[in-house]
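The values are calculated or read from the model by the stated rules, or taken from the named source; none is laboratory data. This one's a predicted model, so the numbers in the text were calculated from it and none came from an experiment. Methodologically, a virtual Cβ is constructed for each residue, glycine included, from the backbone with ideal geometry; neighbour enumeration extends over all protein chains shown.
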DNA sequence: TCCCAGGTAGATC
DNA sequence: GATCTACATGGG
């Protein structure tokens, strides 16, 4: 891997185990627009980024090396050795080998804590397209403009103070539905400092999970997603309907309880649970897509 | 039209 | 403790 800077772009050459589309579209983040094949506009950390991938080169448009070093390197988890992680997961596991063969270019993004928490509270009992729409409206109404591309303005995710000032009705107007009251309360608690990101990061997964699930509207699943995507707990293994279905099919061959899947995953994948979960989630969704297409 | 969605809280058995 | 149900809204 080699990083060069030219024409206001930062380019990473010879990147391994990375596919931009898989990373952005695997359901872990919600703030991206596809421009063309392997070309996206994303918003994170109060910035808009135009990025594209050409084979094993990743091009960050209008980006300084300093910005890359300070923001995007960490966000895209560039420096982690995914080759090693995948080898460990594939060992003695046909299912993981298949899943990784299909979507092995996924990286787990290091997203902002407040955005992850709010986004996944919104996500409950909702389709991914709708989650994206609601978050987009929330950002347009309450975020700050951070850039423009082809006539479209992009907005930041509202900061903690702004979120805390949004009335419950404001969340309803974003079409958050019954989740509005959860968002309203969560925003207040975020601002109060009771749920401090630094402290959460220093806790164990279990301790941090207890703090998160203390919030109304945050159960095991939303908590695990926040731990995994927003707080760096890579052992977290969120069990949603997709993961439940695919795990039942691949490892149990029958219906089982979520708790049982959780326990099994903990033993089988250990500290690599989060990666395993993402490969499985993507695999499950790709399978569903194929089934839909073959039905027609 | 009906079923369901990256679930969760509260009620009920 | 385990299971059932309401919840807003809209995609397919």
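Here are the numbers for this structure:
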| item | result |
| --- | --- |
| Matching residues, the stretch A:108-119, being away from DNA strand C (no atom under 16 Å from the Cβ), more than 23 Å from residue A:272 (Cβ to Cβ) and in a helix (DSSP H, G or I) | A:114, A:115, A:117, A:118 |
| Candidate set from the stretch A:244-271 (those that are closer than 22 Å to residue A:80 by Cβ and surrounded by 20 or more Cβ atoms within 10 Å (Cβ to Cβ)); member that is farthest from DNA strand C (Cβ to nearest atom) | A:269 |
| Test set (1) within 22 Å of residue A:162 (Cα to Cα); (2) assigned to a helix (DSSP H, G or I); (3) within 16 Å of DNA strand C (Cβ to nearest atom) - residue A:212 fails condition number | (3) |
| Test: residue in the stretch A:178-185 that is within 12 Å of DNA strand B (Cβ to nearest atom) and within 22 Å of the chain's Cα centre (by Cα) | yes |
| Any hit, the stretch A:155-169, residues being within 16 Å of DNA strand C (Cβ to nearest atom), assigned to a helix (DSSP H, G or I), on the phi < 0 side of the Ramachandran plot and over 22 Å from the mean Cα position of the chain (by Cα) | yes |
| Which numbered condition residue A:157 misses (of (1) in contact (Cβ under 8 Å) with a residue 60 or more places away in the chain; (2) surrounded by 21 or more Cβ atoms within 10 Å (Cβ to Cβ); (3) more than 30 Å from residue A:286 (Cα to Cα)) | (3) |
| Unique match (being assigned by TED's automatic domain parsing to the domain that holds residue A:224, within 16 Å of DNA strand C (Cβ to nearest atom) and either touching a strand residue (DSSP E or B) at 6+ places or on another chain (Cβ under 6 Å) or under 26 Å from residue A:33 (Cβ atoms) (or both)) among A:181, A:152, A:175 | A:175 |
| Qualifying residue in the stretch A:170-179 (condition: surrounded by fewer than 19 Cβ atoms within 10 Å (Cβ to Cβ) and farther than 21 Å from residue A:124 by Cα) | no |
| Pairs where the first residue, in the stretch A:211-238, is in contact (Cβ under 8 Å) with a residue 40 or more places away in the chain and the second is more than 16 Å from DNA strand C (Cβ to nearest atom) and assigned to a loop (DSSP other than H, G, I, E, B), C-beta under 6 Å, 6+ apart | A:221/A:238; A:225/A:238; A:228/A:236; A:229/A:28; A:229/A:111; A:230/A:111 |
| Residue satisfying condition, being farther than 19 Å from residue A:128 by Cβ and touching a helix residue (DSSP H, G or I) at 6+ places or on another chain (Cβ under 7 Å), within set A:258, A:268 | A:258 |
| Residue in the stretch A:225-235 that is over 22 Å from residue A:212 (Cα atoms) and surrounded by 13 or more Cβ atoms within 10 Å (Cβ to Cβ) present | no |
| Options A:220, A:198; residue that is surrounded by 14 or more Cβ atoms within 10 Å (Cβ to Cβ) and modelled with pLDDT of 95 or more | A:220 |
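Per-residue answers, yes or no, for (1) assigned to a helix (DSSP H, G or I); (2) within 16 Å of DNA strand C (Cβ to nearest atom); (3) farther than 22 Å from residue A:245 by Cα; (4) in contact (Cβ under 8 Å) with a residue 24 or more places away in the chain:
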| residue | (1), (2), (3), (4) |
| --- | --- |
| A:77 | no, no, yes, yes |
| A:106 | no, no, no, yes |
| A:121 | yes, yes, no, yes |
| A:133 | yes, yes, yes, yes |
| A:136 | yes, yes, yes, yes |
